[in-house]
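Everything on this sheet refers to the single structure shown next.
Rule-based calculations on the coordinates, nothing more; no lab input. What you see is a predicted model; the values in this text were computed from it and never measured. Cβ placement follows ideal geometry from the backbone for every residue including glycine, while neighbour counts extend to all protein chains displayed.
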Amino acid sequence: MHIVLVEPEIPGNTGNIARLCAATGCDLHLVKPLGFSVEDKYLKRAGLDYWHLVKVHLHDSFAEIQQKYPACSFYFNTTKASRSYTQMNYREDDFLVFGKETAGLPADLLAANREHCVRIPMENEARSLNLSNAVAIVVYEALRQQNFKNLW
């Protein structure tokens, strides 16, 4: 599986997600601009000593990822979707796409991919979950659907 963070802003969240990638075998794709340097001490600290286990890809744009992986499915995680993340059928090479902490995914990207937008159900008053928590929830559902292939 692939996790895509579009313009992540908080190094600790990205570090936690990198650690998740190390534990699950997911590739991590970071779309620029980043709100931090990949050399950031908070990013490194949150990822602990797992960085050697993570396959990290840096991209200048989301379009670059779509061009590089044209046959893959992309699922866009947003609080604006009407479909739950559990209603999708995830495959091994799918891309789980998440937006930046303060704004989520760009409106034009969501509009162009409405049929692949999903959300994590939550109380209406809650704006959103922490990015690294949201990624973990969706990744583990996708992996559960695949019987946690290669993780035992």
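The peptide list 26-34, 93-101, put in order of mean Cβ contacts within 10 Å with the highest first, becomes 93-101, 26-34.
DSSP finds beta bridges in the stretch 2-145, and of those with both partners inside it, around 5 percent are antiparallel. Protection proxy ranking of 59-70, 137-148, by the mean of other Cβ atoms within 10 Å over each peptide's residues and highest first, is 137-148, 59-70.
Inter-label distance, Arg114 to Trp152: 4.2 nm, where each label sits 7 Å from its Cα along the C-beta direction. 3J(HN,Hα) along the stretch 58-74: 9, 10, 7, 7, 5, 4, 4, 5, 4, 5, 6, 10, x, 8, 8, 8, 10 Hz, from the Karplus curve 6.51 cos²θ - 1.76 cosθ + 1.60 with θ = phi - 60°, whole Hz, x for Gly and Pro.
Under a model in which nothing but the beta-carbon of Lys, Arg (+1) and Asp, Glu (-1) is charged, the chain shows a dipole of about 220 debye around its Cα centre. Each Cα pair under 8 Å and six or more residues apart adds its sequence gap; the mean of these over the residue count of the chain is a relative contact order of 27 percent. Modelled this way, with points 7 Å down the Cα-to-C-beta line, the labels at Ala126 and Lys55 are 3.3 nm from one another. Summarising the overall dimensions of the chain from its C-alpha atoms, the Rg and Dmax are 14.4, 39 angstrom. In this rough spin-label picture, where each label sits 7 Å from Cα along the Cβ direction, the Glu64-Thr102 distance is 2.2 nm.
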